[in-house]
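Single-structure report; data block below.
What follows draws every value from the coordinates through simple rules; no lab data is involved. What you are looking at is a predicted structure, and each value in this text was computed from that prediction instead of being measured. Cβ sites come from the backbone with ideal geometry, for glycine too, and all protein chains shown count toward neighbours.
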Amino acid sequence: MAHIWVNDVLMNRAEASIDPEDRGYQFGDGVYEVVKVYEGNLFEMEAHIDRFYRSADELRIVIPYTKDVLHKMVYDIVEADQLQTGHVYMQITRGVAPRQHYFPDEASATFTAYTQVSERPYENFERGIKALLHEDIRWLRCDIKSLNLLGAVLAKQAAHEANCDEAILHRGDVVTEGSSSNVYGIKDGVMYTHPANNFILNGITRQVVLRCAEEIQLPVVEEAMTVEQLLAMDEVIYTSTGAEVTPIVQINEQLIHKGVRGEWTKKLQEVFESKVQAAITI
């Protein structure tokens, strides 16, 4: 049976419950992380933990575990569920308190974590996906991986209704990122992506891909693109923990790279895969 961490107790998911006055439930007052598991191995776990703590710090939520203890807790649930390929979802909220908007004086953080089986999207790696342009209506602290995701949910729903896999967000004419991913354009042998500021989440996969680009001598310019510039790119890709490195071959009605994966994208995928395999063999 699948397990879940509820604070310090690893229990069967069927036994878990949520207090209706948990501030994560009422206000989205919390943060989360999603960690990829390859053949039972946690990928880039240290980076995910560091970002988890940073997000919590930005919301002034105290995580009641050291990073080493948290790492072991996540490893233990992967072992308990015998997860081979999939994800670990973990979140922490400010905790349970009578409903009021300002921070409660007496509240203890609520931590949860569980696993999910999911296969790697191999078909998308080669075939690519279609994306929809969508206005970015999210708040101005997208660098915090908070539970407040309604802007992303509405964008993803619009993409789903348009038979697209992702929504590419833009504030006015400036492209920011995907609804649950980072976005990049490659033009004349240079890769462009929005700088890691408050308008985007600095994805863990994004950080790995920037290292991959350096290895294949693909220059990277962290500079915001306009929608017009994005549509004129030779190749467009998006990355996330789940999507890994996936080409976008159509945006709205416009084909990118004639609707097929480009060579730079393929090279990035190959280097990324080498890092996955290295993590598996550790």
Review point. Which angle from 0 to 90°, rounded to the nearest 10, does the C-alpha axis of helix 45-58 make with the longest principal axis of the chain?
Key: 70
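Quick one: length gained pulling GLU46 to ILE18 fully straight, 0.36 nm per residue minus the C-alpha distance? List each step's numbers first, then the result.
Details: separation 28, 0.36 × 28 = 10.08 nm, distance 2.81 nm.
So the chain would gain 7.3 nm between GLU46 and ILE18.
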Exercise for review: May I ask you to list the residues of segment 185-227 whose amide nitrogen lies under 16 Å from a point 7 Å from Cα along the Cα→beta-carbon direction of GLU58?
Suggested key: 194-207
Study note, to complete from the structure: From the Cα centre of segment 229-280 to that of segment 181-225, the distance in Å is 11
Exercise for review: Calculate how many DSSP beta bridges within segment 122-280 are antiparallel, expressed in % of all such bridges and rounded to the nearest 5.
Suggested key: 65
Check your understanding: What is the helix-to-structure angle for 263-280, meaning the angle in degrees between its Cα long axis and the longest Cα principal axis of the chain, kept from 0 to 90 and rounded to the nearest 10?
Key -> 30
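By the gyration tensor of its Cα atoms, with a ≥ b ≥ c the square roots of the eigenvalues, what is the shape of segment 122-280: rounded for a/c under 1.5, prolate for a/b over b/c, or oblate? Working shown, then result.
Working: a/c = 1.42, a/b = 1.24, b/c = 1.14.
Rounded is the answer for segment 122-280, as its axis ratio a/c remains below 1.5.
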**Study point:** Between 0 and 90°, nearest 10: helix 67-81 axis offset from the chain longest Cα axis
**Key:** 90
